[in-house]
Structures are given as C-alpha cells and as structure tokens.
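Working notes, beginning with the structure itself.
Bear in mind these aren't lab numbers, they're just calculated from the coordinates by the rules spelled out. Remember, it's a predicted structure, so these values are computed and weren't measured experimentally. Backbone-built Cβ (ideal geometry, glycine too); neighbour counts: all protein chains shown.
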Amino acid sequence: MTVEEPPPARAAGPEVSPAATAPRPPALSPSRASDFRRCPLLYRFRAVDRLPEPLSRAQVRGTLVHAVLERLFALDPADRTPQAARELLGPCWDDLAAAEPAAAALFTGPQDPQLALWLDSASALLDGYFGLEDPAGVAATAVEARIEATLPAADGATGPVPLRGILDRLDDGPEGLRVVDYKTGRTPGEGYESGVLFQLKFYALAVLLTHGRAPDELRLLYLADGTALTYRPDAGELARFGRLLDAVWTAIRLAAPTGDFRPQPGPACRTCDHTAVCPAWGGTPPPYPGWPGGAA
C-alpha cells in the first residue's frame with residue numbers, strides 16, 4: 001500500500017515483477033512508512049541498520065499461509081480446491097523450514113506435538129479463505145508480486161519518492177482491476193482502521209502509478225474470522241495521500257545524512273524489539289552506518 005490533482009501520469013519503471021529477497025536500498029513500503037510515522041528511530045533500526053527481530057509463530061504461520069495460496073493460484077482454476085490447499089501445506093512448510101532456520105527453530109523437530117497443532121491452525125486459516133471466495137473463479141494476473149513505482153517530487157520536496165510493496169494478488173477481470181491482501185489475524189478493532197486504510201491507499205496509489213489507472217477495488221480478506229473489507233479509491237483522495245507520502249519521504253531524507261532519527265515513545269513501545277538500544281529507554285543505538293547506497 002505523490003499524486004497531484006489530477007492524478008499523475010504513469011511513472012517510468014517496472015510494473016509488477018516476481019518478489020525478490022535481496023537487500024534493497026531504502027524506499028517507502030506500507031510497513032516502513034508506518035514505522036516512520038510511529039517512530040523515526042524504529043524506521044532507522046529496520047530500514048537502515050536492519051537490526052534482527054525475533055520471529056513469532058504467528059508471523060511464520062502468516063508466511064506459510066501466503067505460500068500455500070501462492071502455489072494454489074499456480075494450479076489450473078478447477079484444481080484450486082480446499083483439499084489441494086491442505087495438501088500443499090506440508091510441502092510449503094518443509095520448504096519454509098529449510099529456507100529459514102529461524103522459523104524451523106520455533107519447534108523442536110518434525111515430531112514436536114506443538115508443530116502439528118500449529119499446522120492445524122494454519123489449515124483452519126485456509127478453510128477461512130475458502131469461506132470468503134472461490135479461487136476457481138478468480139482472474140489473478142499477479143500473485144505474491146513486487147510492485148515498484150516512483151512518485152514524482154512535489155514542490156519543495158527533496159526528490160522523487162520510491163514506493164515498494166508486495167501485492168498478495170492482483171486481479172483483472174470483468175469486475176475491473178482489484179488488489180487483494182490476505183490477513184491471517186483477526187479484523188482490527190475500533191481505532192485501528194486507520195492503519196488498514198493507510199495500507200490500502202498505498203497499494204491503490206502504487207497501482208495507479210504503474211498501471212495508469214487506480215484499482216477499482218481493494219479487498220482485505222481476514223482469514224481468522226472470515227471477514228472481507230473493501231475500499232474503492234477516489235482520485236482526489238489518492239492525491240492527498242500522495243502528498244502525505246511525499247512529506248514522510250522528505251522527512252526521512254532530511255534525517256538521512258546525519259542519522260537524526262529520533263525516538264517517539266508511545267504505547268507501541270510495549271511490543272518493540274529494540275527498547276534495549278533506544279535512548280527513550282536508557283539504551284544506546286549502534287553507530288549510524290550511513291544512508292545505504294551513498295549520500296542522502
């Protein structure tokens with residue numbers, strides 16, 4: 001999950017390509033933009049220092065479910081059945097555990113009874129997916145694909161804004177262009193809708209820049225409780241959101257030469273993995289490594 005009114009012309013650069021895993025120079029993704037707005041120092045720790053963070057079983061389960069759905073959509077439409085998804089679960093876990101030792105280390109081994117229960121919980125999420133839509137009728141044109149765009153610089157900005165994200169799925173069928181995002185948690189409660197809307201607007205803007213038109217619909221599928229949330233973007237709304245992203249990127253680039261990313265204490269500190277090196281909690285950050293890729 002920028003634009004001036006009217007919406008900007010299509011930006012140069014790649015549209016949607018297979019997701020890559022190699023380290024990349026910093027850019028704005030929905031997560032990193034949200035990090036900076038929440039706490040500039042957290043953005044630095046994640047985007048610049050790339051400090052390690054422990055994996056949780058819930059995070060890895062989300063990765064696993066996404067991998068199963070990715071392989072499911074590689075099948076012929078008639079073969080995209082609940083049974084096929086369940087059969088893909090074991091092989092996808094084997095591949096994930098082999099590729100990510102930290103994920104495998106969450107369990108003592110293949111005979112760990114907690115692993116069987118955990119895989120059952122992932123299977124339940126897949127059942128929740130089939131309760132929300134029938135993949136046999138989905139016209140998916142991209143699955144787990146990287147989308148990259150460049151937002152032209154606004155007046156007074158430090159430069160164009162690189163946007164980057166991973167589309168769970170992009171559909172282009174009779175109902176128009178649609179972005180679908182899977183969530184393996186539950187529907188957010190009251191007060192958390194703004195974070196969801198931020199992500200949806202980000203993807204709507206990225207699709208607008210890469211495809212020359214905004215998606216007709218963005219849909220969030222919450223697999224844990226079988227809820228679907230939809231958002232139909234408006235060009236004027238995306239224009240205002242683009243200016244917000246431009247302001248965020250300008251602030252990041254102003255802090256980049258010196259590393260002046262300051263902590264912003266708040267309730268989210270309770271779940272932060274980096275309080276031990278945060279000045280707001282009596283810690284000392286590691287030496288600033290400089291902005292990746294050269295001068296800022």
Practice item. Amide H neighbours of THR227 under 5 Å, at least 5 residues apart or on other chains, H built in the peptide plane: list them. Key: TYR222
Review point. In terms of modelled amide H atoms, which long-range or inter-chain residues lie less than 5 Å from the amide H of ALA142?
Key: LEU170
Point to revise | Over the chain: helical MRE at 222 nm, DSSP H runs n ≥ 4 each giving -39500 (n - 2.57), nearest 500 | key: -12000 deg cm²/dmol
Review point. Applying the Karplus parametrisation 6.51 cos²θ - 1.76 cosθ + 1.60 with θ = phi - 60° to the phi angles of region 68-80, what ³J(HN,Hα) value in whole Hz is obtained for each residue in order, glycine and proline being reported as x?
Key: 5, 5, 4, 5, 4, 7, 7, 7, 4, x, 5, 8, 7
Exercise for review: Can you grab the distance from the C-alpha centre of region 222-254 to the C-alpha centre of region 80-111, Å, no decimals?
Suggested key: 33
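Identify the chymotrypsin sites (Phe, Trp or Tyr not before Pro) of region 79-162 meeting these criteria: DSSP loop state and at most 14 other C-beta atoms within 10 Å of the C-beta.
Passing sites in region 79-162 do not exist.
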**Study point:** DSSP-assigned coil residues among chymotrypsin sites (Phe, Trp or Tyr not before Pro) in region 178-276, each with at most 13 further Cβ atoms within 10 Å
**Key:** TYR192
Exercise for review: When a/c is below 1.5 the answer is rounded, else prolate if a/b is larger than b/c, else oblate, so apply that to region 125-170 with a ≥ b ≥ c taken from the square roots of the Cα gyration tensor eigenvalues.
Suggested key: prolate
Check your understanding: Is region 222-296 best put as rounded, prolate or oblate by its Cα gyration tensor, with a ≥ b ≥ c the root eigenvalues, rounded for a/c under 1.5, and otherwise prolate when a/b is larger than b/c, oblate when not?
Key -> oblate
Exercise for review: Using DSSP, restrict attention to beta bridges with both residues in the chain and report what percent are antiparallel, rounded to the nearest 5.
Suggested key: 75
